[in-house]
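Reading through the C-alpha cells given below for one structure.
Laboratory data are not the source of any read-out in this text; all were calculated from the coordinates shown. Keep in mind it's a predicted model, so treat the numbers as computed, not measured. Reconstructed Cβ throughout: ideal geometry from the backbone, glycine too, with neighbour counts over all protein chains shown.
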Amino acid sequence: MAEESFAAIFDSLDATSSRPIRTPKTAELVALKLRRMIVDGELADGDRLPHEAELMEHFSVSRPTLREAVRVLEAERLVEVRRGSRSGARVCVPGPEIVARPASLLLELSGATVADVLVAREALEPHAARLLALTGTDSDFDELERMVDEDIPASYIANELSEGAAAFHLRLVQLCGNATLALLAGMMHEIFERHVEAVTARKSLEDHEKYEGSYLLLIRSCRRLIKLLRAGDADAAHDHWQQHMTVSRGSLLIGHESTQVRDVLD
C-alpha cells in the first residue's frame, strides 16, 4: 500500500513538473563557501581575500570560475573590488542600508504612506524597549543617556533635531539584542528621519516655541525611558514608549495624513 502511494506521488510530480533539478554551478558553490566564511567570522569586515592563486588552489577551480564567484559576492555587497588595484577584494560586511533603499523603493511603488511607516514603528519600538529593559547593560543605558545629553541637544542647536531624534530611536532598537527588529528599524530609519526633518523645519520656521516644545518633550520622554530601562521595569518601559510613539505619531501626521513615502524620499 505504501509503495503504491509513493509511486502515485512520484507519478504526479513527473506529470506536473518537467523541469529538472538544477545543479549549482561551481562558481556558486565557491561563493557559498566564501559567504559562509564571512557569516561565521572567519573573514571579518575589512579583511582582504587571499590572493587568487591561493583561492584557486584551495578550491581547485580556474581563474574565470573564481572571478565569477567573487562577482556573485560583489553583487551581494559582501566584498568590494577596486578595479585596477593589486590589493584584490576586500570583505565589506553590509549594514541595514543594503536593504533600506530597496525596501523604501518597494514602499514607494506600493503607494505606502508615511502613516503606514509610523504605525509600523509604533508596533516595533515599544517591544524593543521591553527587551532592552530585560537584557540591557549599564553600558547600553549610558550610551543612550549620552545621546540625550549630547547628540540630541547638538542636533537641536544645529536646527537638525530630526537627525538626533531618529538616531536615538534607531539605537534603542539596535541595543535590544534582536537582530531582526534592528534590521526592520534600519529599513525605516531614512523615511522617518526625512519626514521628521520636514516637520521640524516647518515648526522652526513658523513657531520657535512649538519647535522648542517638541525638543523639550523629546528630552523628557527619553530620560524617563532610560530611567525605566535602568530599573529593569520592562512593562513600564514598554507602556511609556508606546505612549511616546502614539503621541509622536499624532504630532508628526498633522497635515501629512496622506503624504506618501515617495514624496518624502524625492
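Taking θ = phi - 60°, what integer Hz values does the Karplus form 6.51 cos²θ - 1.76 cosθ + 1.60 yield along segment 237-253, in sequence order, with x for Gly and Pro?
3J(HN,Hα) across segment 237-253, in whole Hz: 5, 4, 5, 5, 6, 4, 5, 4, 5, 5, 5, 4, 4, x, 5, 6, 9.
Given the Cα atoms of the chain, and with Rh set as the inverse mean 1/r over their pairs in the Kirkwood sense, what is Rg to Rh to two decimals?
Details: Rg = 24.8 Å, Rh = 22.1 Å.
Checking Rg against Rh, the ratio lands at 1.12.
Angle, helix 63-75 long axis vs. longest principal axis of the chain, Cα atoms, 0 to 90°, nearest 10?
For 63-75 against the chain, the angle is about 20 degrees.
Order these by the 10 Å Cβ neighbour count, fewest first: 56, 245. Could you put the intermediate results ahead of the total?
Numbers: 56 17, 245 21.
Fewest-to-most ranking of 56, 245: 56, 245.
Where does each of 265, 172, 109 land when they are ranked from fewest to most other beta-carbon atoms within 10 angstrom? All intermediate terms of the calculation are to be shown ahead of the outcome.
Details: 265 15, 172 24, 109 10.
Lowest count first: 109, 265, 172.
How would you rank 133-142, 187-196, 44-53, highest first, on the average number of other Cβ atoms within 10 Å across their residues? All intermediate terms of the calculation are to be shown ahead of the outcome.
Details: 133-142: 14.9, 187-196: 21.5, 44-53: 13.1.
Packing proxy ranking, top to bottom: 187-196, 133-142, 44-53.
If you take the Cα atoms of segment 23-91, find Rg, then find the Kirkwood Rh from the mean of 1/r over all pairs, what is Rg/Rh? List each step's numbers first, then the result.
Working: Rg = 11.1 Å, Rh = 12.0 Å.
Expressed as Rg/Rh, it is 0.92.
Rank these for me by crowding, 197, 257, 125, going from fewest to most other beta carbons within 10 Å. Before the final figure, lay out the partial values.
Working: 197 17, 257 9, 125 23.
Ordered by Cβ neighbours within 10 Å, fewest first: 257, 197, 125.
Quick one: Debye curve from the alpha-carbon atoms of segment 185-266 only, equal weights, vacuum; give me log10 I(q)/I(0) at q = 0.21, 0.26 Å⁻¹ to two decimals.
Debye curve over Cα of segment 185-266, log10 I(q)/I(0) at q = 0.21, 0.26 Å⁻¹: -1.08, -1.27.
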